[in-house]
Each structure stands twice: as C-alpha cells, then as structure tokens.
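Accompanying notes for the structure given below.
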Amino acid sequence: MYLSDMEDLLKSELNLSDVKLYGEGGGGQICQGVGYMTDMGHLFVKLNAGKGARLMFDGEYESLCALQNTNTVFDNPKGGAVLVMEFLDMTGSNRYSTQLGENIARLHLHNEEQEKKSKLKETSVHKAEGEVNSYVDKFGFHCTTCCGFIPQDNSWHPDWVTFFSRKLQQQLDLVQKDYHDSEARDLWSQLQRKIPAYFKDIEVRPSLLHGDLHARNIAEINAEPVIFDPYSFYGHHEFELAIGSLFGGFDSDFFTAYHSLIPMSLGEEIYQKQIQGQ
C-alpha cells in the first residue's frame with residue numbers, strides 16, 4: 001500500500017514537524033499497520049485503500065472513544081482513509097486472563113453503574129444544573145460501525161430481541177444477496193421465530209461491548225491485557241462471550257474471573273454446554 005507520502009500527510013494533518021518510519025505490522029486481516037516516531041510520540045497508523053475505509057475507521061474511532069479516548073481519523077488523498085492512534089508495543093499472550101476477564105466484566109457493568117449514579121443524582125438536592133446523564137437506555141450505537149468492511153445497522157431500539165434479530169437479519173440478507181442460499185433462508189425463518197423464547201423472563205440491559213472480542217484482538221503491554229479493533233455497540237453482554245467462544249481466545253481463568261462479577265445465566269450455561277458438545 002502507499003507509504004511514500006504518509007510522512008508528509010501526517011505532518012500536515014496532525015501539525016507535526018518530525019515523522020520517521022518505525023516499523024510495519026499489526027493492521028489485522030484487511031488493513032496495513034505502520035509505526036512512526038514523531039514529536040507527538042510513538043504513533044500507530046492503520047491504513048486501508050478501500051472505498052468503505054472512512055466509514056470503517058470512523059466507526060472504529062467512535063468505538064475506541066467509547067472505550068477510552070484516542071487520537072484521530074482523516075482521509076488519504078491517495079485513496080481510502082487513515083486511523084492514527086497511540087503506538088503500543090504489544091505482545092500476544094493469555095498470561096493475564098484473570099485480569100482481562102475482570103476488566104471486560106467491569107466494562108459490561110459500566111452502563112449499569114451509570115444508571116445507578118443517574119438515579120441517585122435525580123433524587124439528590126446537590127445535582128448540578130445542566131448535568132448530563134451518561135446512562136444509555138437503548139440498544140445500538142450513535143454511529144455506524146463495521147465488522148471488517150461490513151457496515152452494521154446500529155439504529156437505536158429499546159428492545160434487545162428486536163435489535164438482535166435485526167442484526168442477524170442483516171447478515172442473512174448479505175448471504176442471500178451473494179450466494180442465494182435457500183437452506184440458510186429456510187433455517188433462518190425457523191430460528192427467527194424462536195429467538196424471543198431464548199430471552200423469555202430474562203432482563204437484558206444495554207452494556208457497552210467491544211463487539212469483536214477474540215484471540216486476535218487481545219494482547220498485553222506492561223504486564224496488563226489490552227483490547228483493540230472494536231466495532232462497539234450497546235447490547236447484551238453475553239453477545240461478547242458468544243463471539244469469544246465462537247472464535248476462541250478465552251480460557252477458563254477468563255470466564256471464572258468474568259463470572260465472579262457477572263454470574264452466568266441459565267441460558268448461557270446451556271449455551272456453553274452446547275458449544276462444548278456436552
């Protein structure tokens with residue numbers, strides 16, 4: 001991909017005076033990753049020349065902002081877009097599975113904690129005038145995020161079953177468009193009718209999710225676990241566990257630590273047995 005003009009582009013967009021190539025790698029399956037030494041510090045630049053790159057990176061940027069503040073996104077005059085972040089010297093490992101499990105559980109509980117704080121503020125005479133309530137009471141996200149290059153419909157909805165069914169319907173529509181798979185269509189029609197029963201008598205509360213959490217999107221730095229490459233939205237916390245179970249990356253220490261803060265529901269316990277062939 002195009003690196004010859006990247007140093008000048010970074011200088012122009014970020015108002016830098018010193019930019020030097022540091023190394024390449026870590027861009028994932030569909031992007032190119034490049035490290036630079038700059039007068040702003042170490043930067044990691046993620047590039048993609050595809051037509052949907054700006055939409056994809058805007059969604060990743062907003063996802064990262066929802067998890068923790070980061071730097072910037074801008075268009076590349078040579079085509080595609082650029083996402084600039086702090087450079088982290090990461091290594092792949094699962095030595096900190098317990099800490100990762102606890103951190104992900106706290107991430108999933110954060111919105112619920114915001115709700116509790118909001119209710120306390122509503123009853124408090126000390127509530128500051130104009131104070132903003134940061135609790136999110138619907139499922140979705142404030143912008144489009146992408147799973148790979150596929151834009152996700154994050155339109156807000158108050159009901160998890162409806163939101164989740166719509167998310168699955170979007171994937172099936174893509175399958176039908178590209179492959180005209182009649183078997184998948186018939187199986188989906190059967191599954192779609194059963195989805196409400198899976199969540200019967202279960203109160204699903206919106207949790208901020210990474211969205212694509214599996215082995216390739218977790219690492220460690222300075223004796224701590226880190227996560228990256230999100231496509232976030234507010235959804236059922238068990239969606240996150242399903243992705244990890246499907247694509248791998250979480251060991252028993254992770255799940256033990258996670259469930260010490262968020263107990264396993266009956267439905268999830270049945271699901272775990274099913275995917276393990278028990």
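The values are calculated or read from the model by the stated rules, or taken from the named source; none is laboratory data. As the structure is a computational prediction, the values presented were derived from the model and not from experiment. Heads up, the Cβs are rebuilt from the backbone with ideal geometry, glycines too, and the neighbour counts pull from every protein chain shown. Calculation scope for accessible area: heavy atoms of the full protein, side chains included, ligands and nucleic acids excluded. Shrake-Rupley method; radii C 1.70, N 1.55, O 1.52, S 1.80 Å.
Number of residues in region 1-49 that are open to solvent by 70 Å² or more (accessible area, probe 1.4 Å), touching a Phe, Trp or Tyr at 6+ places or on another chain (Cβ under 9 Å), modelled with pLDDT under 85 and not in a strand (DSSP E or B) equals 1. When you scan region 155-183, how many residues do you find that are at pLDDT below 95 and part of a loop (DSSP other than H, G, I, E, B)? Result for region 155-183: 2. For region 184-208, the set of residues classified as surrounded by 13 or more Cβ atoms within 10 Å (Cβ to Cβ), of a type in the set (S, T, N, Q) and part of a helix (DSSP H, G or I) consists of 192 only. Can you say whether residue 252 is at pLDDT 95 or above and farther than 24 Å from residue 141 by Cβ, as far as the supplied structure shows? Judged against the criteria, residue 252 is not a match. Looking across region 211-242, the residues that are open to solvent by less than 20 Å² (accessible area, probe 1.4 Å), in a loop (DSSP other than H, G, I, E, B) and farther than 17 Å from residue 102 by Cβ come down to 211, 230, 231, 232, 236.
Would you call residue 258 in contact with a Cys (Cβ under 7 Å, 6 or more places away or on another chain) and open to solvent by less than 40 Å² (accessible area, probe 1.4 Å)?
Values: in contact with a Cys (Cβ under 7 Å, 6 or more places away or on another chain): no; open to solvent by less than 40 Å² (accessible area, probe 1.4 Å): yes.
No; evaluated as a whole, the condition is false for this residue.
Summed over region 260-276, residues that are in a loop (DSSP other than H, G, I, E, B) and at pLDDT 70 or above total 4.
Which residue is modelled with the highest pLDDT, if the candidates are limited to region 128-141 and must be out of contact with any Phe, Trp or Tyr (no Cβ under 7 Å at 6 or more places or on another chain) and surrounded by 13 or more Cβ atoms within 10 Å (Cβ to Cβ)?
At the first step, the residues of region 128-141 found to be out of contact with any Phe, Trp or Tyr (no Cβ under 7 Å at 6 or more places or on another chain) are 128-135, 137.
Checking which are surrounded by 13 or more Cβ atoms within 10 Å (Cβ to Cβ) leaves us with 133, 135, 137.
Details: 133: 53, 135: 90, 137: 95.
Taking the candidates together, the pick is 137.
Among the residues of region 175-196, just one is closer than 18 Å to residue 237 by Cα and among the aliphatic types (A, V, I, L, M), namely 195.
Residues in region 60-93 that are open to solvent by 50 Å² or more (accessible area, probe 1.4 Å), modelled with pLDDT of 75 or more, assigned to a loop (DSSP other than H, G, I, E, B) and not hydrophobic (A, V, I, L, M, F, W, C): 89, 92.
List the residue pairs whose Cβ atoms are under 8 Å apart, where the first residue sits in region 250-270 and is more than 19 Å from residue 107 (Cβ to Cβ) and in contact (Cβ under 8 Å) with a residue 60 or more places away in the chain, the second is open to solvent by 70 Å² or more (accessible area, probe 1.4 Å) and not hydrophobic (A, V, I, L, M, F, W, C), and the two are 6 or more positions apart or on different chains. These pairs meet every condition: 267/198.
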